[in-house]
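First up is the structure itself, then whatever we jot down about it.
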Amino acid sequence: MVSPDADVRLSAWVHGHVQGVGFRWWTRSRALELGLTGFAANKSDGRVHVVAQGPRASCERLLDLLRSDETPGSVDTVVADWSDTAESFVGFVER
């Protein structure tokens, strides 16, 4: 079992009506509130790719928020992948 304080990398693919509705800005705000680094990027197929690094508990909270009814637009599903931290990010940006 991984400690909730251990740093991890969350890669989440968000499907639904999530482009052109402020979703990346909203995600960036939530990630910064949680002390995470990474990015949220629009993909050409309409998904948003969210990569966040930081304590596992904070990444899990962000994933819960991405799956909640509180997001801008409409999220159909979120496919998440967990891994060890990779390259370092400075802040959390919209791409």
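The values are calculated or read from the model by the stated rules, or taken from the named source; none is laboratory data. Quick caveat, the model's predicted, so the values are computed rather than measured. Here the Cβ positions follow ideal geometry from the backbone for every residue, glycine too, while neighbour counts run over all protein chains shown.
Restricting segment 4-30 to residues that are of a type in the set (Val, Ile, Thr) and in a loop (DSSP other than H, G, I, E, B) leaves a set whose member that is nearest to Lys43 (Cα to Cα) is Val18.
Residues are listed down the side, and each one gets a yes or a no for (1) at pLDDT 95 or above; (2) touching a helix residue (DSSP H, G or I) at 6+ places or on another chain (Cβ under 6 Å); (3) more than 11 Å from Arg9 (Cβ to Cβ):
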position: Thr27; (1), (2), (3): yes, no, yes
position: Arg47; (1), (2), (3): yes, no, yes
position: Val51; (1), (2), (3): yes, no, no
position: Arg67; (1), (2), (3): yes, no, yes
position: Asp76; (1), (2), (3): yes, no, yes
position: Asp84; (1), (2), (3): no, no, no
position: Glu87; (1), (2), (3): no, no, no
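One residue stands out among those in segment 63-92 that are of a type in the set (A, V, I, L, M, F, W, C) and either surrounded by 15 or more Cβ atoms within 10 Å (Cβ to Cβ) or free of Cβ contacts under 8 Å to residues at least 12 places away in the same chain (or both): the one that is farthest from Gly46 (Cα to Cα), which is Phe89.
With the condition kept exactly as written, say whether any residue in segment 44-58 is in a strand (DSSP E or B) and exposed (fewer than 13 other Cβ atoms within 10 Å of the Cβ). No, segment 44-58 contains no residue that is in a strand (DSSP E or B) and exposed (fewer than 13 other Cβ atoms within 10 Å of the Cβ).
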